């Protein structure tokens, strides 16, 4: 097997490989020398399998790796402060903590331009449909941070107006506890998001379900 | 003279003049008068509510052109009149403020003041939603802050503090997302 290559296979190469029966449709076996050569076996698990291509191996994995690397330095969250946690989120955006060091300072005011959302604060029942709608308007792939005890569980607001944890509405990647969390805590949460971006792991991908939709369909038992 | 009375600052001149006008016009219909730290508060009967507020707005010496706040209140220990409405008025012309209260029995309706200040619309919706005070003549008395399927008046003292409406989302999202 030749050196791993990132160039696209030409049509002729693909045709020739198909004729040879050399273009594996499924994942490479972990023991395959091509996988061992390139050291992609760990990623292959995460990504659902490397693919053998003529003149190289594991194109999707390498591509995802590069995309993930790029995405992890330009995670643009949705500008979405619900309550007092948003003040700490602003502190993280400010000059002392400065999350623009990691390309996260570009808070988008439109979900169409965002890569995910930081649900910062308690979500009122009236707000719940908007949270779901905004989440669904963010293009895939997307990541969600539940910031603060209220977003995680409703905190002390076991009352008439607060959703008891936004994971009853949307899939959550990282929970950042605190009331409110320090900017450092949110920073760590965003670092965990960056790890997940690099590995192309996200809650929606893992669960393949949106709890609010299941609640409507009558399948959810929680809500 | 008591210590508290000595420390009581005088009313601003414009408000003192307004007080004279109000008391000349309404006399004993102003049921209670309180002066505290330069603030003046009147309590009126519900039947006089709109009359007093209209006088406050339309008399040039008073000229309360802004309804700063209009809020409800629930005082269950006051059995004969557990509810009350409180209006905070502000005059940009004279720079003075006034507070007007009215006490309501359970189920007693109050005429709306949306005809005087359109901003009262939201305040009265909220007061109805949170305390169950009905405003006669309000153009659009709907729920404002809670969902349409909500039952009860949550800021009343007898409303359960802990949520009892089932589940974690606590509303029916059908048709809303």
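Listed here are the residues, each with its yes/no results for (1) in a loop (DSSP other than H, G, I, E, B); (2) at the interface with another protein chain (Cβ under 10 Å from one of its Cβ atoms).
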position	(1), (2)
B:98	no, no
B:108	yes, no
B:129	no, no
B:133	yes, no
B:150	yes, yes
B:161	yes, yes
B:176	yes, yes
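Can you name the residue in segment A:204-222 that is within 11 Å of chain B (Cβ to nearest Cβ) and buried (at least 16 other Cβ atoms within 10 Å of the Cβ) and is also modelled with the lowest pLDDT among such residues?
At the first step, the residues of segment A:204-222 found to be within 11 Å of chain B (Cβ to nearest Cβ) are A:210-218, A:220-222.
Now drop any that are not buried (at least 16 other Cβ atoms within 10 Å of the Cβ), which leaves A:210-213, A:215-216, A:220.
Working: A:210: 82, A:211: 83, A:212: 84, A:213: 81, A:215: 80, A:216: 80, A:220: 45.
Here the answer is A:220.
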Would you be able to say whether some residue in segment A:105-114 is within 17 Å of residue A:80 (Cα to Cα) and crowded, with 21+ Cβ neighbours inside 10 Å? yes
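Within the bounds of segment B:112-126, is there any residue that is within 14 Å of chain A (Cβ to nearest Cβ), surrounded by 15 or more Cβ atoms within 10 Å (Cβ to Cβ) and touching a strand residue (DSSP E or B) at 6+ places or on another chain (Cβ under 8 Å)? Even if it seems obvious, please write down each step before you answer.
Going through segment B:112-126, the residues within 14 Å of chain A (Cβ to nearest Cβ) turn out to be B:125-126.
Add one more test, that the residue is surrounded by 15 or more Cβ atoms within 10 Å (Cβ to Cβ), and what stays is B:125-126.
Retained after the next criterion (residues that are touching a strand residue (DSSP E or B) at 6+ places or on another chain (Cβ under 8 Å)): B:126.
Scanning segment B:112-126 turns up at least one residue that is within 14 Å of chain A (Cβ to nearest Cβ), surrounded by 15 or more Cβ atoms within 10 Å (Cβ to Cβ) and touching a strand residue (DSSP E or B) at 6+ places or on another chain (Cβ under 8 Å).
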Residues in segment B:90-99 that are surrounded by 22 or more Cβ atoms within 10 Å (Cβ to Cβ) and touching a helix residue (DSSP H, G or I) at 6+ places or on another chain (Cβ under 6 Å): how many? 1
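Those residues that are assigned to a helix (DSSP H, G or I) and within 8 Å of chain B (Cβ to nearest Cβ), I need them from segment A:154-168; list them, please.
A:168
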Do you know which of the residues in segment A:89-130 that are touching a strand residue (DSSP E or B) at 6+ places or on another chain (Cβ under 7 Å) and part of a helix (DSSP H, G or I) is nearest to the other protein chains (Cβ to nearest Cβ)? A:111
Residue A:121 under 22 Å from residue A:179 (Cβ atoms) and free of Cβ contacts under 8 Å to residues at least 12 places away in the same chain: no
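Looking at segment B:135-148, which of the residues that are part of a loop (DSSP other than H, G, I, E, B) and more than 11 Å from chain A (Cβ to nearest Cβ) is farthest from residue A:125 (Cα to Cα)? Give the steps one after another, and end with the answer.
Quick first cut of segment B:135-148, residues part of a loop (DSSP other than H, G, I, E, B) only: B:137-148.
Add one more test, that the residue is more than 11 Å from chain A (Cβ to nearest Cβ), and what stays is B:137-142.
On the way: B:137: 29, B:138: 26, B:139: 26, B:140: 22, B:141: 20, B:142: 17 Å.
In this case the residue turns out to be B:137.
The values are calculated or read from the model by the stated rules, or taken from the named source; none is laboratory data. What you see is a predicted model; the values in this text were computed from it and never measured. Don't worry about glycine lacking a Cβ; one is built from the backbone with ideal geometry, like all the others, and counts go over all protein chains shown.
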